[in-house]
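The values are calculated or read from the model by the stated rules, or taken from the named source; none is laboratory data. Everything numeric in this text was worked out from a predicted model, so none of it was measured. Neighbour counts are summed over all protein chains in view; Cβ atoms, including those assigned to glycine, are modelled from backbone coordinates with ideal geometry.
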Amino acid sequence: MTELTAPTGREPRLTAVPHADGTPPRALVIGATGYLGGRLVPRLLQAGYLVRVLARNASRVAAFEWGAEVEVVEGDATDRAAVERAVADVDVLYYLVHSMAAGDDFENTDRRAARTVADAAAAASVSRIVYLGGLHPDDAPLSAHLRSRVEVGEILLASGVPTLVLQAGVVIGSGSASFEMVRHLTDVLPYMPAPKWVRNHIQPIAVRDVLYYLLGAARVDPEVNRALDIGGPDVLRYGQMMNGYAVEAGLRQRAIAALPVLTPRLASHWVNLVTPIPRATARPLVESLQNECVMKDHDVDDLIPPPDGGLTPYRTAVALALGREKNDTIETSWQDAELSGVPSDPLPSDPEWAGRVVFVDARSVTTTASAERVWAVIAGIGGTNGWYSSPLLWSMRGLMDRLVGGVGLARGRRSRAVLTVGDALDFWRVEAVEPGRLLRLRAEMKVPGLAWLEMRVTPEGTGSRYEQRALFFPRGLAGRLYWLGVLPFHGLIFPGMAARITAAAESADPPPAPDLAAAPADRSGEHNSSTSGG
């Protein structure tokens, strides 16, 4: 159990209570590299917990500022052996995974993962499970994704381990998918033709308040085993949320027209084209808005009293999120979640290519610029800086990816100043960083095969050598035809890219190098309060 200490500023701090022998309690976080998990872990550490995380890739955990402070068990929630290792000697287990962007079999995957964790937690005598589910009505049909989240909560509640299911609706914070959807729809569209659910009532909640409740859940009476609704102080229509954002962003109020013809499927395609949110992520978000999403009761107040100073109003949450974006201190982002159906295995080493078909486009340029100056350009690539060649062609490639449900170029990069292993970068994912030397990106666009882009710089004489490789492992005939089809594109893109990167490094005023690191990098924003952040 944990207990509240005296408030520090606005937020009370939740401090872990040691065991009888003086050792601190242990928390296991499943989903630690995701949007909420990545923010919860440092707050658990600050509260005095020993923290263990279950993650598929230890290098992704190491890229967080707190990576060296936690114990890592590699595996996922469906891996029984890994879960059994992870739950050993655990007091409180946070289950923060769901397959919002997964493929067609997501319900079965969610069910299998929940049962695996529930069984292992019961066998290990875990004291408490905390799960973040979705706010939903009891008397209306639910979307498949929301129905799956309800089922996961029911499985955990039936595990025999005291479980608290916190049911939240739209989470507002810098980098959250819900906030990004509101922001881009409002920024882009002065007039918004919207589905009829734009008139439904929603109870948004600030990410800082979600974190407050997650921390508070660990101190709830050990006999409590139930679901609790959580939400912010405002109940709004989705259209009011958009215009509330417009006020905080200094924009004119948007005219919104509800159209009954926009089905969830069509609306998710629309969101996919207008915002950076890919269709696989947009659809469950859109589907969750089909019903009124408001708290049915305030029973949570009896078990987890509201934070000192009250819950965060919607417009305050928006202002905090905008401030984080302006100051480039976004702690975590929806982009951090890996996508279903895209490669996750690292680039195999060159000797492992033997016997495989691999297409390579390699470029090498000698430059008078120092390796440090070339690295500064490499480190800042993507996002608002672009890709240093044919912006129109890159935009066309990004649009093609969006049209088939991919992420496209609009995803950008989480931070202008920091790029770490596991970060999304337009339609790439950072796979490897050797500061001052190498950046390797793994493709997450929709392609019939596996693709990587590698940029490397080495000192040479009084200057340096820039090397660039695009590698493609085709899948079947479609992969081979794809490579042949994009060869003209590559012939225009890649030579110009190598030339312009070195030219930018040779210029009198090259861009400053962001902080790229393979291991702990500052992704934290503010950690001076247990639930600070926006």
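Okay, here's what the table says:
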item	result
Qualifying residue in the stretch 295-313 (condition: assigned by TED's automatic domain parsing to the domain that holds H136, in contact (Cβ under 8 Å) with a residue 24 or more places away in the chain, surrounded by 20 or more Cβ atoms within 10 Å (Cβ to Cβ) and among the small types (G, A, S))	no
Top-ranked residue of the stretch 55-71 - restricted to ones that are surrounded by fewer than 19 Cβ atoms within 10 Å (Cβ to Cβ) and among the hydrophobic types (A, V, I, L, M, F, W, C), ranked as nearest to the chain's Cα centre (by Cα)	A58
Count of the stretch 387-403 residues which are within 21 Å of W334 (Cα to Cα) and more than 21 Å from the chain's Cα centre (by Cα)	2
Looking only at the stretch 383-397, and only at residues there that are free of Cβ contacts under 8 Å to residues at least 40 places away in the same chain and of a type outside the set (S, T, Y), the one that is surrounded by the most Cβ atoms within 10 Å (Cβ to Cβ)	G386
Condition broken by D401, with the remaining ones in (1) within 30 Å of D110 (Cβ to Cβ); (2) touching a strand residue (DSSP E or B) at 6+ places or on another chain (Cβ under 9 Å); (3) at pLDDT 80 or above; (4) not β-branched (V, I, T) satisfied	(2)
S143 vs. criteria surrounded by fewer than 21 Cβ atoms within 10 Å (Cβ to Cβ) and of a type in the set (G, A, S)	yes
Residue check, A63 assigned by TED's automatic domain parsing to the domain that holds Q290, among the hydrophobic types (A, V, I, L, M, F, W, C) and modelled with pLDDT under 95	yes
From the options G169, G160, G175, G231, residue that is among the small types (G, A, S), at pLDDT 95 or above, buried (at least 21 other Cβ atoms within 10 Å of the Cβ) and in the same structural domain as R283 (by TED's automatic domain parsing)	G231
Subset of the stretch 28-47 that is hydrophobic (A, V, I, L, M, F, W, C) and under 23 Å from S174 (Cβ atoms) - its residue that is surrounded by the fewest Cβ atoms within 10 Å (Cβ to Cβ)	L45
Which listed residue, of L50, L93, is farther than 28 Å from G406 by Cβ, buried (at least 17 other Cβ atoms within 10 Å of the Cβ), in contact with a strand residue (DSSP E or B) (Cβ under 6 Å, 6 or more places away or on another chain) and free of Cβ contacts under 8 Å to residues at least 60 places away in the same chain	L50
Spans of strands (runs of 3 or more DSSP E) in the stretch 437-498 with at least 1 residues aromatic (F, W, Y) and assigned by TED's automatic domain parsing to the domain that holds S370	449-460, 463-474
Candidate set from the stretch 1-33 (those that are of a type in the set (V, I, T) and modelled with pLDDT of 80 or more); member that is nearest to the chain's Cα centre (by Cα)	T33
Helices (runs of 4 or more DSSP H) fully within the stretch 246-364 counting 3 or more residues that are modelled with pLDDT under 75 and closer than 25 Å to P448 by Cα	264-274
